[in-house]
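Following: one structure in structure tokens, then a few remarks.
The values are calculated or read from the model by the stated rules, or taken from the named source; none is laboratory data. From a predicted model like this one, the values you see are computed outputs, not experimental measurements. For neighbour counting, all protein chains shown are included, and Cβ atoms are generated from backbone atoms with ideal geometry for every residue, glycine included.
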């Protein structure tokens, strides 16, 4: 299936979330694939289509070769998707440390 067809099937909210996840340093492309079914190349194509050229170039320079965006490059034992200092949210209440 082509990238254009995959993107067409996504809602505006989903596209916004994919872009947000792609900009996050600690969210690997594997997490985007698991949640939305988009490969790394599909994400690159989506970002190219949805962003201004200068923003796309800045994003590509930022993520290219970054260990946290590519599971194969991550250090062994790095399998979490959030900071350990981030508070837990339970039943719409933030738990205390």
Would you be able to tell me the number of residues in segment 17-59 that are closer than 21 Å to residue 5 by Cα and part of a helix (DSSP H, G or I)? 26
So how many residues does segment 3-16 have that are closer than 12 Å to residue 38 by Cβ and assigned to a loop (DSSP other than H, G, I, E, B)? 1
Here are 22, 31, 5: which of them is more than 20 Å from residue 61 (Cβ to Cβ) and surrounded by 15 or more Cβ atoms within 10 Å (Cβ to Cβ)? 31
Test set (1) in contact (Cβ under 8 Å) with a residue 12 or more places away in the chain; (2) out of contact with any helix residue (DSSP H, G or I) (no Cβ under 8 Å at 6 or more places or on another chain) - residue 10 fails condition number: (2)
Given the condition out of contact with any helix residue (DSSP H, G or I) (no Cβ under 7 Å at 6 or more places or on another chain), surrounded by 11 or more Cβ atoms within 10 Å (Cβ to Cβ) and at pLDDT 90 or above, answer yes or no: does some residue in segment 40-48 qualify? yes
